[in-house]
Every structure is written in C-alpha cells, then in structure tokens.
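Trainee: Questions regarding the structure given below will be posed in turn.
Read the figures in this text as sums done on the coordinates, not as results from a lab. Just so it is clear, the model here is predicted, and its values are computed rather than measured. All Cβ positions, even for glycine, are placed from backbone atoms using ideal geometry, and neighbour counts span all protein chains on display.
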Amino acid sequence: MPGQAIITTIIGAFIFPIFIRLFWGRLVNKFGAIGGFLSAIIIVGTIWVMNHGIEKHLIQQSGSTWIDMAWAAAIGVFTASVVAGGKIKKSLPNIGSAIVGGICGGIVLVLMF
C-alpha cells in the first residue's frame with residue numbers, strides 16, 4: 001500500500017471515533033432516543049460516505065480482506081475512554097458482547113452469501 005493510502009486510511013479511521021465522542025452524546029442528551037437515531041444517520045452516514053462512498057475515499061484497502069469502520073469506532077472510543085480515566089475491567093462485558101455480536105453477524109453474512 002502506498003504511503004498516501006496509509007495516511008488517508010489512518011485519517012479516515014481516526015475521524016469516525018472523534019465524531020462519535022464529540023457529537024453522539026450531545027445529540028442523545030438534547031433529543032433523547034431520537035438523538036441516537038439522528039447520530040446514527042448523520043455521523044455514521046457522513047463518515048461512511050467520506051471513507052467509502054465517494055470516488056476519492058479516505059480508507060484504502062488492499063487485498064481481499066474487508067475491514068468495517070466498526071473496528072475504528074471500537075478501538076478509538078475505547079482508547080479515548082481509557083485515557084479519560086475509564087476502567088478497563090468495567091468494560092469487559094461490553095467488549096465480550098461486541099465480539100459475540102460480531103461473530104454472529106459474520107456467521108449470518110456467510111450464510112447469506
């Protein structure tokens with residue numbers, strides 16, 4: 001992968017958790033459950049278009065492996081939470097649930113295709 005592709009991929013992966021941390025909670029606090037839906041549509045949709053949906057997208061992938069933006073969100077938000085003083089042990093049930101959910105989703109996708 002060329003150097004420019006590496007840099008744009010890192011930037012594209014970095015932008016997603018930053019926007020989640022900056023805006024998702026504010027929208028939920030202001031609008032409740034509707035704010036969560038707005039966040040999902042506005043934040044995830046906009047960043048997905050920047051990362052994958054336009055001709056000169058940010059995230060460049062090489063080979064046949066497909067990596068979802070969820071990895072960037074999970075790692076970025078987890079790291080930011082730990083740096084802000086969050087407890088790793090307290091988050092382990094959520095991490096386990098996310099892993100199990102990802103495996104189940106992967107199995108469903110494999111069976112569908």
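Trainee: Efficiency by 1/(1 + (r/R0)^6): what FRET value for Ser81 and Met1, r their Cβ-Cβ distance, R0 = 30 Å, to the nearest 0.05? Before the final figure, lay out the partial values.
Mentor: Working: r = 29 Å, r/R0 = 0.98.
Result of the calculation: an efficiency of 0.55.
Trainee: Just to check I understand the Karplus step: with θ = phi - 60° and J = 6.51 cos²θ - 1.76 cosθ + 1.60, what whole-Hz values come out for the range 72-85, glycine and proline as x?
Mentor: Along the range 72-85, the couplings run 4, 5, 5, 5, x, 5, 4, 4, 5, 5, 5, 5, 7, x Hz.
Trainee: So, one more: Between Gln60 and residues 5 or more places away or on another chain, which pairs have amide H atoms under 5 Å apart, with H built 1.01 Å from N, and which residues are they?
Mentor: Answer set, sorted by chain and number: Thr9.
Trainee: Would you work out which of Ser62, Ile95, Ile10 lies farthest towards the positive end of the dipole of the range 3-112? Charges go on Cβ: Lys and Arg +1, Asp and Glu -1.
Mentor: Checking the options against the dipole of the range 3-112, the answer is Ile95.
Trainee: When the helix-only estimate is applied to the chain (DSSP H runs of n ≥ 4, each -39,500 (n - 2.57), divided by the residue count), what is the mean residue ellipticity at 222 nm, nearest 500 deg cm²/dmol?
Mentor: Details: 6 runs with 75 residues, N = 113.
Counting only the DSSP helices, I get -21000 deg cm²/dmol.
Trainee: Using Cα springs under 10 Å in a Gaussian network model of the chain, which residue among Ser62, Ser91, Ser39 shows the largest mean-square fluctuation?
Mentor: The residue with the greatest mean-square fluctuation here is Ser62.
Trainee: Moving on. For the ranges 27-37, 93-103, what's the packing order if you count other beta-carbon atoms within 10 Å of each residue, average per peptide, and put the highest first? Before the final figure, lay out each step's value.
Mentor: Working: 27-37: 12.6, 93-103: 11.1.
Result, highest mean Cβ count within 10 Å first: 27-37, 93-103.
Trainee: About its Cα centre, what dipole magnitude does the chain give when the only charges are +1 on Lys and Arg Cβ and -1 on Asp and Glu Cβ, stated in debye to the nearest 20? Please report the intermediate quantities before stating the final value.
Mentor: On the way: 7 positive and 2 negative charges, 100 e Å.
About 480 debye.
Trainee: Another question, if that's okay. Would you mind getting the Kirkwood hydrodynamic radius of the chain from its Cα pairs, rounded to one decimal in Å?
Mentor: Values: mean 1/r = 0.0634 Å⁻¹.
This gives a value of 15.8 Å.
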